[in-house]
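Asker: Let me give you the structure first, and then I'll get to my questions.
The values are calculated or read from the model by the stated rules, or taken from the named source; none is laboratory data. None of these values were measured; they are calculated from a predicted model. Neighbour counts are summed over all protein chains in view; Cβ atoms, including those assigned to glycine, are modelled from backbone coordinates with ideal geometry. With ligands, DNA and RNA removed, areas are computed over all heavy atoms of the protein, side chains included. Shrake-Rupley method; radii C 1.70, N 1.55, O 1.52, S 1.80 Å.
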Amino acid sequence: MGDKKCVKGVQRQVKAGAWNWYKRILCLVCMVSAVCVLPKMQGIIFPPDEYGYWTNAAAMTGHDWTGVNALNPYYAFGYSLLLAPILRVVEALQKTGLLPIAETMTVAYRIAIAVNILLALFHGMLLGRILRRLFAKAEEKRLVLISLIGAFYPSVLVYMQYTLSEVLLNLMFLIIVWRLLCYQENPGRKNAVLLALAAGVMYLVHMRSVGIWAALGIVILANVFCSGRMVQKSGTEEEKNEEEQTRQNCTKQSAWIFLLLSIMIFAGAEVGKRWMQAAVYGDTALAIMSVNDYGGQFGKLSRLLTFSGCLDLTISCAGKLFYLGNTSFGLFYFALFFVWKRAKRFFQELWKAIRERNGSAVFAEDGFWAFLLLAVVFHFLISAVGLMGNGRIDAILYGRYNETLMPLCICLGLVEMLRETGLWRKAVYILVLHGALMGAVGWYVQTKGVTDYLPDFAIGIACAAGQRPEQIRQILNAPYLTGSVGILLLVWLVAGVQRKKVRFVALSVLAVTYLGMAVQITRTNILPHQADNSGDRQIAATIRQLQEKDPERRLYLLHSDWNEYADTLQFFLPEKQIEVIPEEKTDLFSMEENALLVTYREDDREEALKLLYQVTESSWHLNLHYNKETGGEEE
């Protein structure tokens, strides 16, 4: 008896040791990211998305950016609730003289990135905890490596270096997953309330998560028709029936609580959205503001009634499936196999329970897998419909909206590879599917003449495709080749080779590969743009100095097709109001002599403007035009 206790104690120490190393590695990566990246951060480089979240925070703290906001669509305000306190704190420091006004927004931006790094750390910790809960009997070292691979998925580490909502969405999704696991074990009121709150917060952060909310609601309401028991317990038949009846009553009450609370949160979110739109965007044209709202999507749904609309949706789905399969080296496909095998029993038994009305017993873990499957499908379709027919190659591939689910899916795909037989047959199917998806997207791109490509929206293939590919085929062919080779190597090393040491090395190499991809994307997609921001900061500093000497100077922005640099200028001048001159206005001689006029560096009217103004200062993106003399004094 004493020997058994000793063995169990040693096993617990081994498990704790493995997961302690996991936590240390995550902390180390986050610390290194903070030390290496934060000092180089200047401000937003992903407009209008980053600006959209900051403009909500600015409105919450009393700033008026409506002039520039009129150029941008609506962005949800959930993530802005984190940014607003940061903005309030740095402005308080500036007012007390502890922080120069020119550094206010840069410091705020760096604090926001630091918060994102903490969110990514919590995301990794929770991912490991979920996998331990799901696969309690798995080998600890292998599970730790699988968790690291999911935590190091490139989009997690890259998007945490922008003030975007992605890292918060990743964390909120895992919180929902964790609370659902708790709910399936104990479908009480507390867990129902926490699930509704988590889903509601995720919806406030980004409206596309309504698909995850819907999937959660379907599974919880489906439990009303099922007993949902986890295991058969000992006891007399009467005791079992009594316990089952109690559980069913509790499940029904919890389901109603979840439904009613969800409706209340959704209604409150809509009211908050209307108030925020009025406060932030003012008289912005509805056609512009509704691009990211429901109003901008209903028109796309009507297109599905036409052949061209159905073709656009099909290619949009194909491109995103290709992207997710490629950036995960096929693990996303394996995850779909894994989840479907476990979810289909839930749907079968649910249909049987509804048809026979006998409260058929469905194991609770089946409901969990059904939620994951529905969440992936709904989330995927929302992104596919929202981005169909966009006219850009990266919009066809667009992984960002679906990568919220990818860390967990990658881990499940690895579990599938390590557990199942017939992997080479599945690998062949996957490669054929992968090639067909690439061929369909390539045909569509060539037929429609789609040429525009922004690597920031398809970062998972940025390393293979490059920053600015010379040929359209390179955007698809290079990632396809590297992804296909990765799929074959992964199947061979992780699943085909039976030696544990080889598997351990293969998993370690994949984790390092993901980490290396994130580092490379940071070097090519983030840091160069942050360096470009220094010139825009200097333009903002010059404007501030000129207006301090002559407060009567008015600041104008001459609008053109590229309005994202207007966002950057407003970000660096939070206390200023920028008056936007419409693009069609050609009579610039009527402006006051002491006006400050900002234009885009490549504007067609630049040569004429240089004749109107004595001084032109330039940054990488902007030109500032002004006259030296105001009110008889020379600047």
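Asker: Here are Pro39, Pro47: which of them is under 21 Å from the mean Cα position of the chain (by Cα), open to solvent by 10 Å² or more (accessible area, probe 1.4 Å) and either modelled with pLDDT under 95 or not basic (Lys, Arg) (or both)?
Answerer: After applying the criteria, what remains is Pro47.
Asker: Next question, about the same structure. Return the total of residues in segment 247-278 being more than 27 Å from Lys190 (Cα to Cα) and either open to solvent by less than 50 Å² (accessible area, probe 1.4 Å) or polar (S, T, N, Q) (or both).
Answerer: Of the residues in that region, 3 qualify.
Asker: When the residues of segment 441-452 are narrowed to those that are surrounded by 19 or more Cβ atoms within 10 Å (Cβ to Cβ) and touching a residue at least 60 places away in the same chain (Cβ under 8 Å), which ends up farthest from the chain's Cα centre (by Cα)?
Answerer: Tyr444
This table checks each residue for (1) open to solvent by 50 Å² or more (accessible area, probe 1.4 Å); (2) within 21 Å of Ile25 (Cβ to Cβ).
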site	(1), (2)
Gly97	yes, no
Ile111	yes, no
Phe152	no, yes
Leu164	no, no
Phe173	no, no
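Asker: Also: Do we have any residue at all in segment 518-531 that's within 27 Å of Tyr453 (Cβ to Cβ) and either in contact with a strand residue (DSSP E or B) (Cβ under 8 Å, 6 or more places away or on another chain) or among the small types (Gly, Ala, Ser) (or both)?
Answerer: Within segment 518-531, one or more residues are within 27 Å of Tyr453 (Cβ to Cβ) and either in contact with a strand residue (DSSP E or B) (Cβ under 8 Å, 6 or more places away or on another chain) or among the small types (Gly, Ala, Ser) (or both).
Asker: Then there's this: Select from segment 50-70 the residues that are within 22 Å of the chain's Cα centre (by Cα) and either assigned to a loop (DSSP other than H, G, I, E, B) or of a type in the set (Asp, Glu) (or both) and list them in ascending order.
Answerer: Listed by number, the list holds a single entry, Glu50.
Asker: Going by what's in this entry, would Val107 be described as crowded, with 17+ Cβ neighbours inside 10 Å, in a helix (DSSP H, G or I), touching a residue at least 60 places away in the same chain (Cβ under 8 Å) and of a type in the set (A, V, I, L, M, F, W, C)?
Answerer: no
Asker: Residues that are at negative phi and at pLDDT 90 or above: list the helices (runs of 4 or more DSSP H) wholly contained in segment 429-537 that include at least 3 such residues.
Answerer: It comes to 500-521.
Asker: Determine the pairs where a residue that is aromatic (Phe, Trp, Tyr), located within segment 384-413, has a partner that is surrounded by 24 or more Cβ atoms within 10 Å (Cβ to Cβ) with Cβ atoms under 8 Å apart, the partner being 6 or more residues away or on another chain.
Answerer: Tyr398/Gly319; Tyr398/Lys320; Tyr398/Tyr323; Tyr398/Ala458
Asker: Still on this structure, I have one more. Name the one entry in Pro551, Pro574 that is part of a loop (DSSP other than H, G, I, E, B), open to solvent by 60 Å² or more (accessible area, probe 1.4 Å) and of a type outside the set (D, E, K, R).
Answerer: One residue alone meets the criteria, Pro551.
Asker: All but one of (1) among the basic types (Lys, Arg); (2) open to solvent by 50 Å² or more (accessible area, probe 1.4 Å); (3) under 17 Å from Gly330 (Cβ atoms) hold for Lys426; which doesn't?
Answerer: (2)
Asker: Determine whether Arg208 is open to solvent by 10 Å² or more (accessible area, probe 1.4 Å) and closer than 18 Å to Leu127 by Cβ.
Answerer: Here the answer is no, as Arg208 does not meet what is asked.
Asker: Hey, among the residues in segment 68-95 that are touching a strand residue (DSSP E or B) at 6+ places or on another chain (Cβ under 9 Å) and open to solvent by 30 Å² or more (accessible area, probe 1.4 Å), which one's nearest to Gly535 (Cα to Cα)?
Answerer: Leu71
Asker: May I pose another question? Quick one: which of Leu624, Leu597, Leu612, Leu555 is over 22 Å from Asp49 (Cα atoms) and modelled with pLDDT under 85?
Answerer: Leu612
Asker: Filter segment 1-24 down to the residues that are open to solvent by less than 60 Å² (accessible area, probe 1.4 Å) and modelled with pLDDT of 90 or more and list them by number.
Answerer: Tyr22
Asker: Just need a number here: residues in segment 402-428 that are more than 17 Å from Leu174 (Cα to Cα) and assigned to a loop (DSSP other than H, G, I, E, B).
Answerer: 3
Asker: Based on what the data block shows, is Thr542 out of contact with any Gly (no Cβ under 7 Å at 6 or more places or on another chain), open to solvent by 30 Å² or more (accessible area, probe 1.4 Å), at pLDDT 85 or above and not charged (D, E, K, R)?
Answerer: no
Asker: Name, by its number, the condition in (1) open to solvent by 20 Å² or more (accessible area, probe 1.4 Å); (2) touching a Leu at 6+ places or on another chain (Cβ under 7 Å); (3) at pLDDT below 90 that does not hold for Lys344.
Answerer: That leaves (2) as the condition not met.
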